[in-house]
Amino acid sequence: MSARLPAGGLRLFGKLDGYVGGLFLAAYATSFLLVVGLVMIFNLASNLDWFEPWEDGSRASTPTILRYYLLETPFLYLQVAPFVTVVAGLFSVSRLVRHNEMVAVLASGVSARRLLLPIFAGGALAAVGMFALRELATEALGFKRDSLLDVLENRRAERVFENLWFRDDYGNVVRLVEFRPATGSPPLAEVRGLEVTLQDAGVAKLVRAERAVWTRFEHGDGWRLEGGSVQEVENQSRTYPIDVLSGVSFTPADVLLVDKGRDRAMELSFGELQRLARRDPDDVSYQTLLQYHLTFPLANLVLLLVALPRMVGRERGHAIEGLVEGCLLCVFYFCFDFVTRALGMEGSLSPLLASWLPVLTFGSLGAVLLDSMGT
């Protein structure tokens, strides 16, 4: 027996759903090319200095820049995915109105809410896909993309990070004067100038080393020290040398994550944020972004809820008015979202409230608009 909804007895996944879903899918592809393409052009226009010669006379090759933007495309999409979804929804409804198909369906007894169900389902799928893509793209492409970005921005063949402070898995305070993620053959991470403050059996100790190299021991990977020493903080006269870092837990990947969290926190994945939040639970910015990574994908559905009802019931010649009203509501959403997120990052609002307030406010508005939509 075919699944049916009360509205007009319309069969789920039938011809009408297939038609509207096909319109939305085609509009989504067009919207993706339009929105992501424009963002990429603006990004490239703001980085024209990448094509200029470096101090040593060399320059970044065109294939390097093209490879960077190929890897960057998923991350650019993640920044504007809700825009892509709402533009696709508006395009789809605009076509239905322009060809009088909306009027014909409504006249047959099918409600506008039922007609637009495939579009709302598409928005929900986009939300799930956005969350999954962020995790997969960060894991598979993040390091390569970040390496190319460092080459282009800093005009150097080797990545170097300076003056990094962070807490390791045990809560020890670590300072790296200089960190090089890949040197030597095979690639080995290298630290120049290491300081660690830790507690060992209730005794505060300060570990210093001129150089540390991430290498493989019989029992596993770890840091081999050169010029390493341990000094008891309360008894400065007691100092002894060490050649292996113990009682401290951080890997080269952890150091790269710390730098990313410091300079590009918005690009962190949900899994990366969880690791940083566990190490530094007092940092409200990580707590806010953890919630935000859950709520931002929901904007794919929320924006459809507030934008599409403004176009339904409009006469053919006045559909543009509904389009403008829907776009303005979307702009208000992102402004509100930006303000609450900023307040959450600085600690003026709780992370939960800062992230969920825009979704709940505009989601409620969308539910009211959807309920009052012409049928």
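Odds and ends about this structure:
- Among the residues of the range 288-308, not a single one is farther than 30 Å from T73 by Cβ, in contact (Cβ under 8 Å) with a residue 24 or more places away in the chain and of a type in the set (V, I, T).
- Residue selected from the range 339-351 under the condition on the phi < 0 side of the Ramachandran plot and over 18 Å from the mean Cα position of the chain (by Cα), by the criterion surrounded by the most Cβ atoms within 10 Å (Cβ to Cβ): L349
Yes/no matrix, rows are residues, columns are (1) of a type outside the set (G, A, S); (2) part of a helix (DSSP H, G or I):
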site	(1), (2)
Y28	yes, yes
V39	yes, yes
L44	yes, yes
R59	yes, no
T64	yes, yes
L70	yes, yes
A88	no, yes
S94	no, yes
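- Evaluation of G322 against (1) farther than 30 Å from L176 by Cβ; (2) modelled with pLDDT under 90; (3) buried (at least 21 other Cβ atoms within 10 Å of the Cβ); (4) out of contact with any Lys or Arg (no Cβ under 6 Å at 6 or more places or on another chain) (one fails), failing number: (4)
- Among the candidates Y292, Y286, residue that is touching a helix residue (DSSP H, G or I) at 6+ places or on another chain (Cβ under 8 Å) and over 30 Å from L369 (Cα atoms): Y286
- Listed by first and then second residue, the pairs with beta-carbon distance under 9 Å, at least 6 apart or on different chains, first residue in the range 260-286 and without any contact (Cβ under 8 Å) to a residue 24 or more places away in the chain, second among the hydrophobic types (A, V, I, L, M, F, W, C) and part of a loop (DSSP other than H, G, I, E, B), are L276/L268.
- Among the residues making up the range 239-258, a single one is surrounded by fewer than 19 Cβ atoms within 10 Å (Cβ to Cβ), in contact (Cβ under 8 Å) with a residue 24 or more places away in the chain and part of a helix (DSSP H, G or I): D254.
- When residues of the range 267-304 are limited to those that are more than 30 Å from G89 (Cβ to Cβ) and outside any helix (DSSP H, G or I), the one nearest to the chain's Cα centre (by Cα): D283
- Residue match in the range 229-242 (condition: within 30 Å of D56 (Cα to Cα) and among the aromatic types (F, W, Y)): no
- The residues of the range 89-139 that are touching a Pro at 6+ places or on another chain (Cβ under 9 Å) and without any contact (Cβ under 8 Å) to a residue 24 or more places away in the chain, listed by number, are G129, L136.
- Within the option set R4, R59, R11, R95, being modelled with pLDDT under 90, basic (K, R) and closer than 30 Å to R156 by Cα holds for one residue only, R59.
- Of all the criteria given as (1) within 30 Å of L152 (Cβ to Cβ); (2) assigned to a helix (DSSP H, G or I); (3) among the acidic types (D, E), the one not satisfied by D17 is (1).
The values are calculated or read from the model by the stated rules, or taken from the named source; none is laboratory data. All values derive from a computational prediction rather than experimental measurement. When we count neighbours, we look across all protein chains shown, and the Cβ atoms used for this are built from the backbone with ideal geometry, even at glycine.
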